[in-house]
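Chemist: Below is one structure. I have some questions about it.
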Amino acid sequence: MRFPVHIPGAALLRRARARLKAGGVIAYPTESCYGIGCDPLNARALRRVIAMKGRPNHKGLIVIAASIEQLRPLVEPLSRDDEARLMAHWPGPVTFLLPASRRVLPLLRGRHRTLAVRIPDHAEARSLAAVLGPLVSTSANPAGQVSLKSARACRLTFGERLLTLPGRVGGRRAPSTIIDFASGRVLR
């Protein structure tokens, strides 16, 4: 079932942009739950996300984008054939591990040489990335707890530590599939 796309108003988008630029954190709806996001190139913001979740530093985080163009600065150059292979799955609930560019911070990629990236099959999340730029996308929940499914649940759990954007979570029950692009191995 498709729902109408809800894009936050201009004032709320300005607040979100300012929060991200200042190294802050936002929450927003994705395909299966609310996600916690930040600027993927801001070390202070990445530390905040990891601390809020109580997540180990070595795991790495996912980045969502509105287009492959937004991902290019974060990954090693891709051939046209590789881009075509990716776009056969995107937008969609498939996260690929691609070789990370040198500018990607270790906090973002964890102990890996790859970066987990996705163009989501959730119009609101994709629209936010189009307006705000690529976003970290990790489930909105403390590590080991159930993923949050509403803006209200995010506000109750995290309070003012993050700016929670309104919207509707997609219909997926499971998080995105994660595939190592080089080997084709499904990791989740």
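The values are calculated or read from the model by the stated rules, or taken from the named source; none is laboratory data. Everything quoted here is computed from the prediction, not taken from an experiment. Please note: Cβ atoms are built from the backbone with ideal geometry, for glycine as well, and neighbour counts cover all protein chains shown. Please note that ligands, DNA and RNA were not included when accessible areas were found on the heavy atoms of the full protein model with its side chains. Shrake-Rupley method; radii C 1.70, N 1.55, O 1.52, S 1.80 Å.
Chemist: Quick one: helix 10-21 against the long Cα principal axis of the chain, what's the angle to the nearest 10°, folded into 0 to 90?
Modeler: Around 60 degrees separate the two axes.
Chemist: How high is the relative contact order of the range 1-131, given as a whole-number percent (alpha carbon pairs under 8 Å, six or more residues apart)?
Modeler: 29 percent
Chemist: Sort Glu160, Glu83, Glu76 from largest to smallest accessible area, using a 1.4 Å probe on the heavy atoms of the protein chains.
Modeler: On the way: Glu160 160, Glu83 35, Glu76 75 Å².
Heavy-atom accessible area, descending, gives Glu160, Glu76, Glu83.
Chemist: Cα-based Rg (one decimal) and Dmax (whole number) for the range 10-180, in Å?
Modeler: 14.7, 45
Chemist: Then there is this: So what J values fall out for the range 140-152 if you push phi through Karplus, 6.51 cos²θ - 1.76 cosθ + 1.60 with θ = phi - 60°, rounded to Hz, Gly and Pro as x?
Modeler: Values, residue by residue: 7, 5, x, 3, x, 9, 5, 5, 7, 10, 8, 4, 4 Hz.
Chemist: To continue, here is another question. Just the number, please: carbon plus sulfur as a percent of the accessible area of the chain, 1.4 Å probe, no ligands or DNA/RNA counted. Please report the intermediate quantities before stating the final value.
Modeler: On the way: 5060 of 9600 Å².
Whole-percent figure for carbon plus sulfur exposure: 53.
Chemist: Sequence-distant or interchain residues sharing an amide H contact under 5 Å with Lys149, placed H: which?
Modeler: Excluding prolines and chain starts, which carry no amide H, the hits are Tyr34.
Chemist: Can you pull the one-decimal nm distance between simple spin-label points at Arg85 and Ala51, each 7 Å off the Cα toward Cβ?
Modeler: Those two pseudo-labels are separated by 4.0 nm.
Chemist: Right, another one. Which peptide among 117-126, 44-53, 143-152, 16-25 comes first, and what is the full order, when sorted by highest mean count of other Cβ atoms within 10 Å? Before the final figure, lay out each step's value.
Modeler: Numbers: 117-126: 24.1, 44-53: 18.4, 143-152: 14.6, 16-25: 16.9.
Highest to lowest by the protection proxy: 117-126, 44-53, 16-25, 143-152.
Chemist: Sticking with this one: Please get the size of the charge dipole for the range 10-180, origin at its Cα centre, with Cβ charges of +1 on Lys and Arg and -1 on Asp and Glu, quoted in debye to the nearest 20.
Modeler: Value, rounded to 20: 720 debye.
Chemist: Rank Ala27, Ala116, Ala88 by mean-square fluctuation in a GNM of the chain with C-alpha springs under 10 angstrom and give only the top-ranked residue.
Modeler: Ala88
Chemist: Sticking with this one: Rounded to the nearest whole Å², what accessible area per residue is found for the range 10-180 with the 1.4 Å probe?
Modeler: Numbers: 8030 Å² over 171 residues.
Ligands and nucleic acids excluded, the result is 47 Å² per residue.
Chemist: On full extension of the chain, what length is gained from Ser183 through Arg44, given 0.36 nm per residue of separation minus the C-alpha to C-alpha distance? If you can, show how the numbers build up before the last one.
Modeler: Numbers: separation 139, 0.36 × 139 = 50.04 nm, distance 3.26 nm.
Computed gain between Ser183 and Arg44 is 46.8 nm.
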